[in-house]
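Before any comments, here is the structure.
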There are 2 protein chains.
Amino acid sequence: MSIKNIGGNVPVAFHKVKIQDNFWEPRIKTNAAQTLYSQLNKLNETHRLPAFKMDWKPGDEFEPHIFWDSDVAKWIEGASYSIIVCPDPKMEKLLDEAVDLVISAQQPDGYLNVHYTVVEPDKRWSNLRDCHELYCAGHLIEAAVAHYRATGKRKMLDCLCRYADYIDSVFGVEPGKKRGYCGHPELELALIKLYEATGNEGYLKLSSYFIEEHGQRPFYFDIEAIERGEDITPTDALPPHMRGGERYEYTQADVPIREQTKVAGHAVRAMYFYSGAADLAGINDDQELYSVLKRLLDSLINKRMYITGGIGPAASNEGFTTDYDLPNRTAYAETCAAIGLIMWSHRMLRFDLDNRYGDVMERALYNGSISGISLCGNKYFYENPLASNGNHHRVDWFGCSCCPTNILRLIASLGGYIYSQSTADAIVHLYVQSEGELQVGDKIVKLSQKTNNPWDGAVSISVGLDQPSKFSVKCRVPGWCDSFEVGINGEPLEDVVVKNGYLQIEREWRDGDCIELNFPMLVKRMYANPNINEDAGLVALQRGPVLYCLEGTDNAEQPHRIFLPEDAEFEAAFEADLLDGVTTITIDALCLDDEGWEDKLYRDTPPVLRPATIKAVPYYAWDNREPDWMSVWLKESGS
Amino acid sequence: MSIKNIGGNVPVAFHKVKIQDNFWEPRIKTNAAQTLYSQLNKLNETHRLPAFKMDWKPGDEFEPHIFWDSDVAKWIEGASYSIIVCPDPKMEKLLDEAVDLVISAQQPDGYLNVHYTVVEPDKRWSNLRDCHELYCAGHLIEAAVAHYRATGKRKMLDCLCRYADYIDSVFGVEPGKKRGYCGHPELELALIKLYEATGNEGYLKLSSYFIEEHGQRPFYFDIEAIERGEDITPTDALPPHMRGGERYEYTQADVPIREQTKVAGHAVRAMYFYSGAADLAGINDDQELYSVLKRLLDSLINKRMYITGGIGPAASNEGFTTDYDLPNRTAYAETCAAIGLIMWSHRMLRFDLDNRYGDVMERALYNGSISGISLCGNKYFYENPLASNGNHHRVDWFGCSCCPTNILRLIASLGGYIYSQSTADAIVHLYVQSEGELQVGDKIVKLSQKTNNPWDGAVSISVGLDQPSKFSVKCRVPGWCDSFEVGINGEPLEDVVVKNGYLQIEREWRDGDCIELNFPMLVKRMYANPNINEDAGLVALQRGPVLYCLEGTDNAEQPHRIFLPEDAEFEAAFEADLLDGVTTITIDALCLDDEGWEDKLYRDTPPVLRPATIKAVPYYAWDNREPDWMSVWLKESGS
């Protein structure tokens, strides 16, 4: 097997990390015990999984939809991760059955897509722009790789290699091949996983082809539309994202990737596309492509990201609009997009150990992504607004149900985001109580974290080694922390070196050495860039990586009446019985009073502000109790 | 001719008032020279007026629409008023031609409606709920009365009496008659005008029938829908205002008027309905009905009115939603609804000389109604939002073009809103430089106002009399004024008596007596009731009766960045060359600065506020220059 070297460092795979904390471990267990099973029920109930029996006939109910395959695939991927971290023979059997059913649907030529086999068998590859055909292939490949890694069984991997080989025979620059690519990126990053699992460079090359083909002219989606007999003249009857320049941006195809300067179009498509490109840049040590990605990610996190790590404000294109356009109540901020941002920023850390990317990953992880799943693990948000008047609630499934299985696979594989390793470095990105087994050069380094993060900033990391060894431990200094303390084996560290937001401790490490870190968690008032018009004059509260919100169920006052005084004091306290255990923030705030407003709609003296105690809870945990209003941004008084 | 006595006082008709000021007189002239002519062109271009030739045939272009007649009628009404205040022989001839054409369309049985004569001749009276048939009749009657009063010619009046007689033969509680009424009130108040013009009590009775029939059960609009063969089962396919309780409220028919407690449904319909009811209460000295109307108007102005005097926040029903629901950017606040509020509140003053009603009339007049017409007199707003991002602009006509002709008739007849008279009182509601001829008991009292209102609060009113006479002069003390000065003939008035916001000076008046009033015009910070969620923490500026706004064209800063310090000083100055002459307000405000925000979307220190001079202009005059943003409500800092 020949695998190209990956530049920089590589993540420590989740199965090398054992999470043993109070925050994530219960989530991973709920994921295994509740989410995985309830989603399998949904996949059966909605005929997504049974559709792979390929017995649907015209006139039958439950016509297989173009993106159903991807939901099954992401569940297989998530289940594969989950049985590693939470062994479950019953689930392993159910998973195996599902895999067998999927495999059984493969056609003799390698093709594997339910809709285009039973519903529109004559339309294969006729509408790459809209029909998610290669997107489904990508998710099946990710599932196959995950299943192989989890079980060692090659059956799904081999099946998907045949499919990938067939795709390779259809698409490419070679004469006779279609110069197409998927309207919804995903296959690009999946092919790289397939390359990494198999060593077959053909998959790397095919991924590279798909990535570089985006934005080439003539526009493939016009070519295929003409072949379908469609009029491609832009018309006002089309939704805006299918007209003008936006129709190119929607699929990240306005210009080739190396010329792109802003993250635009459909948010999930963008995240998957750039994640694949980041993998490619890493494997090929492609500095040019990496620079492009750095510019793109910087422009995203500097101009187009919610404070939750949510991205893509608009429902119309499920994506981006203009710089600083970040409305709160109408925020689309799809759960999948936040997950995609975690994927992309995590990949960027391979090249560039910069806490900017670690911070973004952490922000999206503790806020805008896990907000997408209920604490009980079986209700979901598709959209993650930053304010609600009480009418936005979790549901147990969606017609287009990409988010539930996405959060499933994220949580099951969370261990994979904590550590990275390189020939000379052991790297800690996230502070999660866990044991990680790292390969640093030719040495095995066991890092054992003790921490009550995200509620407490104290962390101790003990180093386990067979024999003393010189290397660097690099620990992310979170951007939310103004100053921090670091000691080793009980002594303050002298010569603290921080580079790009990563503390670097290079020394000869001995078994049992312990790094003591303290990142003080103060309640921080957060302010938005003045270009964001909805947040002007407002303040949000953050403590450590956790963003807070007010919910109506904790606060009797109407949200618009509440003002946070500039000098308000915050009382943070852990409440074990609330929302599965959260640190809440209690504040002596002010509130508009009705005094003197009887029978008056307008007057020339301002309303009186009276004291009112308010309570903030973590944003990720909202809408887990009675339906009520919610707000992240609060008015500040005294400014 | 027998006309019942009207309780309280009666307005002095506009033709008894000569306006000679710098604010309204130019508008009345522009109305006569521009608006009247350009609207006639539009009525011809769009075939509204030529449709009365009754030569449309199926298959022809320009199918006469159900509400076209009302546009022509309101133009005739406005033209009739205008030729009195701005004599214009050419216009008088055009008006006469239009009147002749309208009259010529009357059917042998008295019926007069273009659509239901040439388009759907078999559908007469089949859909009173939706089809504006009696609404059009009402506007034709108002036009006929106006034309008769303006020219002394009875031709249109007689024509419409025949139509009204025919309507009387069709509708009523008597056996064999339809128990119907119009879905869009208007005929009610028109019939009272017809009664006042003719003395025929049958019209008063018919008006009373229509008013009292609203809200009776069984619901007439269901009866006629069943007769049309429609399924009246509420369905989600219907717009909300046609479903559930809202479908009754939409036409003010949820309960009979005497049981109504809130102003709901379609805003213009409500205003016309209650205006007619106020007329009826006045004529019949009906204290019960008056109490109902007082309760309704109070609930409207205490809970459902914009600070502009605009009403009806929602586009979906062109009307009301819930108490305190007054969003700014999406405010519907139809021009016609503000005009309707002027009509209703003006009528309430007949019974109850209370400056609450005078203030509301003045607020709607100087702000939310005249905002509906451009300074040049030929472009209009249908909707009058209180904030715009720059995409709301005046146009020269509408498909449903009720507002242009409504503002035409309002401005032409403005003199009629200034004074009232009774057996013992000469009453001044509005401060407009003008000469009014009042009949106080059996005496003619000439009041001559000198003032530069709305820019200056100094007013002198000289009294012209043939011989000394004892009566009261009652002058409204505007609600926007905290204290005022009053003198007579250069001496301060002793024993100042103010009752319900009207200064009362009872004495023996002599010819040449002069009342000197001063209502100091300070720039006032206005605040909204804390129940209005969008306005919490915001401030609006008002000076005298004029509400201000910021427009992008005067202010380089983005509106969301601007903060008005609590201690900001205001500099008000008249600018003769701006917007046809307006007093502007210049303010040393603060503005969010970009300092330190390069490449940062969120941070834990607030943006710096730097000084920024801002300039406010009257709200009514917005969007008369380059298209740009506008905002009435501003953030306040230091609170």
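Quick note: the coordinates plus some simple rules give every number you see, no bench work behind them. The structure displayed is predicted, hence computed values, not measured ones. So basically every Cβ, Gly included, is an ideal-geometry build from the backbone, and we count neighbours across all protein chains shown.
Couple of notes before you dig in:
- Computed from the Cα positions only, the extents of region A:44-142 along the three principal axes stand at 42, 27, 24 Å, in decreasing order.
- Spread of Cα-to-Cα distances over 5 Å intervals beginning at zero, given as percent, for region A:22-232: 1, 7, 15, 19, 18, 15, 11, 7, 4, 2, 0, 0
- Normalised by 2.2 N^0.38 Å, where N is the number of residues, the C-alpha radius of gyration of region B:266-327 stands at 1.20.
- Share antiparallel - DSSP beta bridges, the protein assembly as shown, percent rounded to 5: 90 percent
- Cleavage-rule hits (trypsin sites (Lys or Arg not before Pro)) in region B:540-621: DSSP loop, at most 16 neighbouring Cβ within 10 angstrom: B:Lys600
- With its label point defined 7 Å out from Cα along the Cα-to-Cβ axis, B:Gln20 lies at 9.8 nm from the matching points of the other copies, in increasing order.
- Contour minus Cα-Cα distance for A:Ala33 and A:Val255 (0.36 nm per residue): 75.4 nm
- For region B:86-210, the Kirkwood hydrodynamic radius comes to 14.9 Å, computed from all pairs of different C-alpha atoms.
- Taking label positions 7 Å along the Cα-Cβ direction at both B:Asn44 and A:Gln504, the computed distance is 8.4 nm, reported to one decimal.
- Label-point gap, in nm, between B:Gln558 and B:Asn533 - each point 7 angstrom along Cα→Cβ: 2.4 nm
- Rounded to the nearest 20 debye, the dipole size of the protein assembly as shown about its Cα centre is 1140 debye, using +1 on the Cβ of Lys and Arg and -1 on the Cβ of Asp and Glu.
- Proximal lysines to A:Lys600, defined as alpha-carbon separation beneath 26 angstrom and excluding residues fewer than eight positions away on the same chain: A:Lys635, B:Lys262, B:Lys294, B:Lys303, B:Lys474, B:Lys499, B:Lys524, B:Lys635
- Over 28 Å (Cα to Cα) - which of B:Lys18/B:Lys193; B:Lys29/B:Lys57; B:Lys153/B:Lys379; A:Lys93/A:Lys205 fall in this group: B:Lys29/B:Lys57; B:Lys153/B:Lys379; A:Lys93/A:Lys205
- Computed over region B:248-388, the percent of Cα pairs more than 17 Å apart is 56.
- Region B:96-155 and region A:507-546: distance between their alpha carbon centers, rounded to Å: 73 Å
- DSSP bridge orientation in chain B - percent antiparallel, rounded to nearest 5: 90 percent
- Copy-to-copy label separations for B:Ser291, where each label sits 7 Å from Cα toward Cβ, in nm and ascending: 8.4
- Scalar couplings 3J(HN,Hα) for region B:189-196, obtained by applying the Karplus form with A = 6.51, B = -1.76, C = 1.60 to θ = phi - 60°, are 6, 5, 5, 5, 4, 5, 4, 5 Hz; x denotes Gly and Pro.
- Neighbour-count order for B:Asp511, B:Asp359, A:Asp88, fewest beta carbons within 10 angstrom listed first: B:Asp511, A:Asp88, B:Asp359
- 21 Å tail of the calculated P(r), region A:525-588, as % of Cα pairs: 29 percent
- With its label point put 7 Å out from Cα toward Cβ, B:Arg610 sits 4.2 nm from the same residue's point in the other copies, in order from shortest.
- Using R0 = 22 Å, the C-beta based FRET efficiency linking A:Asp482 and A:Asp298 works out to 0.45.
- Computed from the C-beta positions of A:Glu626 and B:Ile226 and an R0 of 51 Å, the FRET efficiency is 0.75 to the nearest 0.05.
- Percent breakdown of C-alpha pair distances by 5 Å bin, ordered from the shortest bin, for region A:420-518: 3, 13, 26, 29, 19, 8, 2, 0
- Computed over chain A, Kirkwood Rh from alpha-carbon pairs, angstrom: 25.7 Å
- Separation in nanometres of the label points that stand 7 Å from Cα toward Cβ, at A:Lys18 and B:Gln216: 8.5 nm
- Looking at the protein assembly as shown, the pairs of alpha carbons with a distance over 49 Å make up 44% of the total.
- For A:Leu40, B:Leu503, A:Leu191, the sequence from fewest to most other C-beta atoms within 10 Å is A:Leu40, B:Leu503, A:Leu191.
- Prolate/oblate/rounded label for region B:186-312 (Cα gyration tensor, a/c 1.5): oblate
- Taking other Cβ atoms within 10 Å as a rough exposure proxy, A:Trp24, B:Trp344 sort from fewest to most as A:Trp24, B:Trp344.
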